[in-house]
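K.L.:
Handing you this structure, nothing more for now.
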Amino acid sequence: MPKHKWSIAHIFSYGFAIAGIAGALLIWSIYRVTTTIMSTATSVSQTYEVISSFRNMQKHLLDAETAERGYVITGDPAGLPAYQASLQQIQSDSDLIAAFVTNYPVQKVRFLELQKTISYRLKTLQMIVDTRSAGGVDAAHELVSLDEDKLEMKRIHDVLMQMEEEENVQLNVRLHARDIAYREFWWSFVALIITLSASTAWQYLQVRRIMQLEAEAKRRMRHMAEHDPLTGLPNRRQLQDKLELAIAYAKRSGKKVAVMFIDLDGFKAVNDNMGHQAGDELLKVVAQRLRHATRSNDFVARLGGDEFVVVLSELDQLADATRLASKLNDLISQPVPLAEGVARISTSIGISLFPANGRSSAELLGKADDAVYQAKAAGKNQFQWAAA
């Protein structure tokens, strides 16, 4: 058997390795994307919560201011609980925002500014409430009407808007990162499918190639085992099989089978006088002439040395075998030009017939071989039928 660069086991191992690497890359990609998505989801949730806190703080400041003004106008202590509740909510909003902006320097600076402004505004509100509680109605009204109140609220509003805009920028960045992670995951998945498909196709082609090479090697080995290496004709081994098949078919069909045993006259002289190379070339020419002279369904084999056999299957008339034998005597006796000179040989042919001369391949070959000796004894370059 031929040696291949890749064995089937190696190909599958290589394919599994590729699949393993591709799978590991996909798992890593899924892990990275999942981590990114979870991190982004957390950040996005926090961003929305911060933005909500900004808006809640502004709302609670307005609620505190509304409750404060209601108390100033009415003097009814029943409005103070709402004012106190708003202050507590503002503190909760402030604590929440502080926790979120700790790791963001820009927002942290703005938050410090926001805290100062809100603290100043809350002190102003408390001072007005305290003034009203002490009975200073006019003084409280005068403080409420100051333009400074409006400026303080505007400053708070501006800082909150700046912080919200920054959070929106960060939100867009995180959403973009999430989208990129999603795309990378799908590209990784597509790459995995392509890689696995290419690997599978490559494995299929390589395995198919190896199987074809092995089949071709087996065919060549079988051909070598069944054919003569010099002439390319079937050898004795294949002759036995073909002759048995021809006999089996003749038994079913009722037709005859003729076996021609051919021995070359004068071949030894050519071999001795012109050399073995000339003898080999002569055998090749004889084999070629035998092929050309016989029918497509006839079988030509070389037994070895200067002996050949022709099997005529599906024979209807004995005259067909007689004509072929005569043709072979004439054809092979034609001069053969070789590099060493012109070779001249003839043939002695013995013919046996199924079922008259035997019902097995061994009997038919034996009878045909006996007839060859009769042809040689009769003067060579002729054919003889086997005796019944």
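K.L.:
What percent do you get for the relative contact order of the range 8-200 when only Cα pairs under 8 Å and 6+ apart count?
P.N.:
The value is 38 percent.
K.L.:
Turning to a different aspect of this structure: Taking every alpha carbon pair in the range 8-200, what does the distance histogram look like in 10 angstrom bins from 0, in percent?
P.N.:
Calculated P(r), rounded to whole percents: 8, 25, 19, 14, 11, 9, 7, 4, 2, 1, 0.
K.L.:
In whole Å, what three semi-axes, largest first, describe the equivalent ellipsoid of the range 321-388 built from its Cα gyration tensor (square root of 5 times each eigenvalue)?
P.N.:
27, 11, 11
K.L.:
On to the next question. Normalised by the empirical 2.2 N^0.38 Å for globular proteins, what value does the Cα Rg of the range 252-309 take?
P.N.:
The value comes to 1.37.
K.L.:
With label points built 7 Å along Cα→Cβ from the Cα atoms of Gln84 and Gln115, find their separation and express it in nm.
P.N.:
So the label points at Gln84 and Gln115 sit 2.5 nm apart.
K.L.:
Moving on to the next point. Given a Förster distance of 22 angstrom, what is the FRET efficiency for Ser45 paired with Tyr182, based on the Cβ-Cβ distance and rounded to 0.05?
P.N.:
With a Förster radius of 22 Å, E is 0.80.
K.L.:
Still on this model: Taking the Cβ of Leu303 as the center, what net charge do the other residues with Cβ under 12 Å away carry, scoring Lys and Arg +1 and Asp and Glu -1?
P.N.:
Neighbour charge sum, excluding Leu303 itself: -2.
K.L.:
Oh, and also: Normalise the Cα radius of gyration of the chain by 2.2 N^0.38 Å (N = residues in it) and let me know the number.
P.N.:
In units of the globular-protein estimate, the chain measures up at 2.58.
K.L.:
Could you work out how far the C-alpha centroid of the range 157-190 sits from that of the range 314-337, in angstrom?
P.N.:
The distance from the Cα centre of the range 157-190 to that of the range 314-337 comes to 96 Å.
K.L.:
Something else about it: Could you list, in their original order, any pairs among Lys218/Lys367; Lys327/Lys376; Lys123/Lys154; Lys327/Lys367; Lys218/Lys251; Lys218/Lys327 whose Cα atoms are separated by more than 28 Å?
P.N.:
Going by Cα-Cα distance, Lys218/Lys367; Lys218/Lys251; Lys218/Lys327 fall outside the 28 Å limit.
K.L.:
222 nm [θ] for the chain, helices only, -39500 (n - 2.57) per DSSP H run of 4+, per residue, to 500?
P.N.:
One gets -26000 deg cm²/dmol as the mean residue ellipticity at 222 nm.
K.L.:
Further question: Can you give the relative contact order of the range 236-385 as a percent, counting alpha carbon pairs under 8 Å and 6+ residues apart?
P.N.:
31 percent
K.L.:
At a threshold of 8 angstrom on Cα-Cα distance, excluding pairs fewer than six apart, so keeping six or more, what relative contact order does the chain reach in percent?
P.N.:
Once divided by the residue count of the chain, the mean separation gives 15 percent.
K.L.:
With no solvent and one equal point scatterer per Cα, compute the Debye intensity ratio I(q)/I(0) for the range 236-385 at 0.12, 0.15, 0.17, 0.18 Å⁻¹ and report its log10, rounded to two decimals.
P.N.:
Debye output, listed in q order: -0.47, -0.72, -0.90, -1.00.
K.L.:
Here is a further query. Going 7 Å from the Cα of Arg291 along its beta-carbon direction, which residues of the range 241-283 have the amide nitrogen within less than 19 Å of the resulting point?
P.N.:
Within reach of a label on Arg291, which here means backbone N under 19 Å from a point 7 Å along Cα→Cβ, the range 241-283 contributes 242, 262, 279-283.
K.L.:
With the crude spin-label approximation of a point 7 Å out along Cα→Cβ, what separation in nm comes out for Glu244 versus Ala356?
P.N.:
2.7 nm
K.L.:
Right, next: How much FRET efficiency would the formula 1/(1 + (r/R0)^6) give for Thr322 and Leu205, where r is the Cβ-Cβ distance and R0 is 51 Å, rounded to 0.05?
P.N.:
It comes to 0.35.
K.L.:
Using the count of nearby Cβ atoms within 10 Å as a rough guide to exposure, how do Val336, Val50 rank from fewest to most?
P.N.:
Exposure proxy ranking, most exposed first: Val336, Val50.
Since every read-out is calculated from the coordinates, none of them should be taken as a lab result. Please read these numbers as outputs of a predicted model, since none were measured by experiment. Cβ: placed from backbone, ideal geometry, glycine included. Neighbour counts: every protein chain shown.
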